[in-house]
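The values are calculated or read from the model by the stated rules, or taken from the named source; none is laboratory data. Please read these numbers as outputs of a predicted model, since none were measured by experiment. Please note: Cβ atoms are built from the backbone with ideal geometry, for glycine as well, and neighbour counts cover all protein chains shown. SASA here: full protein model, heavy atoms, side chains in, ligands and nucleic acids out. Shrake-Rupley method; radii C 1.70, N 1.55, O 1.52, S 1.80 Å.
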Amino acid sequence: MIHFDNVTLAYGDKAVLTGLDLHVPPGAHVALTGPSGCGKTTVLSLAAGLLRPTAGTVRVAARRTAYAFQEHRLLPWRTAAENVNLVLGDSQATMPRALEWLDLVGMADAAERLPHALSGGMRQRVNLARALACEGDLLLLDEPLKELDPSRRDSILSLLQSRSAGRTLLLATHDREETGSLADQTYAYHNGRFEPV
Amino acid sequence: MRRRGTTAKSLGALAFWLGVWALLSVLVARPLLLPAPWAVAERLIRLAGTASFWKITAVSLGRILLGAALGILAGIAVAAGTSRSQFLDTVLSPMLSVIRATPVASFILLMLIWVGRDILPCVIVFLMVLPVVWGNVSAGVAATDRQLLEMARVYRLSRWQTARRIYIPSVGPYLLSACHTSLGLAWKSGVAAEVLTMPALSIGRRLYESKLYMEMTDLFAWTAIVVLCSIALEKMFAALVRKLRRRRMLGGRGL
């Protein structure tokens with residue numbers, strides 16, 4: 001599903017990734033762990049096709065990709081429901097499904113609120129609802145539990161577990177709990193490289 | 001309540017300046033130099049009772065609005081093109097700088113040779129409005145959040161969805177600002193073009209003739225018409241913006 005062969009990505013003289021080999025078979029759940037700034041988000045952006053490697057090759061065979069961005073990336077002028085509905089067809093007919101997804105992440109009461117009227121944790125839940133609603137065969141999650149309050153973490157984690165089953169998952173996190181619950185293989189950042197653990 | 005207070009303040013300011021004008025006209029005591037406000041008001045009422053007044057105002061208004069509308073549409077189209085194509089941007093950008101730097105009088109005299117006097121004010125308004133809209137819309141496109149565009153790419157939103165859901169709300173405030181500036185500019189440049197080219201049915205011609213025959217009351221009355229039309233258009237535009245904001249068709253946080 002995802003093949004990174006000797007991938008290097010550099011901005012000018014500064015290398016963000018060097019010689020990364022990463023192979024994620026279809027249906028596998030892989031986590032990337034490491035400290036902030038080690039390049040986890042960069043790997044996800046390469047997999048999503050948002051970045052091109054400076055050297056090496058990236059091959060991704062996905063019918064549809066869903067990406068829960070670290071910075072939420074919600075349309076500030078659309079409500080929570082409309083943001084989720086955007087990936088469902090963006091029509092009145094698909095709105096009930098968008099509301100169902102918001103209900104699953106505990107955001108039914110805030111469906112009509114604009115992103116600026118939501119807390120960071122609530123925006124993150126809308127972001128996750130949008131990614132899950134997309135029903136892509138490749139799911140990219142960047143720090144999915146970040147900003148969530150402790151009372152929500154468990155329910156969101158079990159939702160991610162159940163909804164990512166059967167899909168290929170690439171997860172960027174520095175949270176051990178997330179890694180243990182969602183991934184069957186982990187690549188940890190060590191000596192400037194991601195290596196299988 | 002707050003709006004009522006603002007209206008009262010505006011009316012108070014208007015009354016103050018009318019008072020200053022009235023006082024000056026009494027002190028000068030020469031209607032040929034400075035007619036009194038009541039004489040101008042009386043002239044306005046008499047003009048409003050004639051059919052030609054409404055015809056002249058409507059034709060001038062139509063001419064200026066047509067030029068402004070075409071300028072806005074062309075500005076949006078050119079901005080869309082130059083934002084997408086580096087080649088188009090390179091080719092057309094010098095033209096933007098030239099149009100911006102050229103005095104409106106030069107355009108009027110040049111265009112007088114090339115196009116008929118009846119449509120010239122319309123062409124001048126078009127040329128004045130186009131670069132304003134082009135520049136602002138281009139700035140709006142450039143300022144569109146790249147992260148949202150990346151999100152649209154990942155989720156494979158169609159071009160239409162990306163335009164409707166991301167570009168239009170992002171560019172909206174820039175376009176509105178350009179339209180607001182353009183309306184004032186359209187009136188000034190349009191009437192100036194009418195004064196210099198004197199189409200048969202035009203406010204500009206009446207202004208020129210008033211000056212020619214030293215009819216200062218007429219000059220003030222026609223100028224008042226221009227100001228009133230401009231204010232009316234601005235109010236109508238503000239109402240349209242409020243309506244669009246209520247329907248959340250424009251971007252901006254919480255709109």
Using a 10 Å cut-off on Cβ to Cβ distances, tally the other chain neighbours for every residue of A:70-78 and report the average as a whole number.
6
Keeping to pairs on different chains or 8 or more places apart, tell me how many lysine pairs in the stretch B:34-247 have Cα atoms under 25 Å apart.
6
Within chain B, helix-based [θ] at 222 nm, where runs of 4 or more DSSP H residues each add -39,500 (n - 2.57), nearest 500
-27500 deg cm²/dmol
Qualifying lysines (Cα of each under 22 Å from Cα of A:Lys14; at least 8 residues distant if same chain):
A:Lys40
For peptide B:154-165, how many partner chain Cβ atoms fall within 10 Å of a residue's Cβ, on average?
4
Expected max-MSF residue from B:Ser210, B:Ser106, B:Ser189 in the GNM of chain B (alpha carbon, under 10 Å) is B:Ser106
Shielding score for B:146-152, defined as the mean number of other chain Cβ atoms within 10 Å
5
The answer for chain B, accessible area per residue at 1.4 Å probe in Å², is 57
Among the aspartates and glutamates, select those whose C-alpha is under 14 Å from the C-alpha of A:Lys146, and discard any that sit fewer than 8 residues away in the same chain.
A:Glu71, A:Asp154, A:Asp175, A:Glu177, A:Glu178
Computing the accessible area with a 1.4 Å probe over protein heavy atoms, can you report the carbon and sulfur percentage for the protein assembly as shown?
61
Could you work out the local net charge near A:Thr54, counting Lys and Arg as +1, Asp and Glu as -1, over the other residues with Cβ closer than 14 Å to its Cβ?
0
For the pair A and B, the solvent-accessible area buried on both sides (1.4 Å probe; DNA, RNA and ligands excluded), in Å² to the nearest hundred, is 2200
Over the stretch A:1-105, with neighbouring protein chains present, the accessible area per residue in Å² at probe 1.4 Å is 42
Can you compute log10 of I(q)/I(0) for the stretch B:34-247 with the Debye formula, treating each Cα as one identical point scatterer, at q = 0.18 Å⁻¹?
-1.24
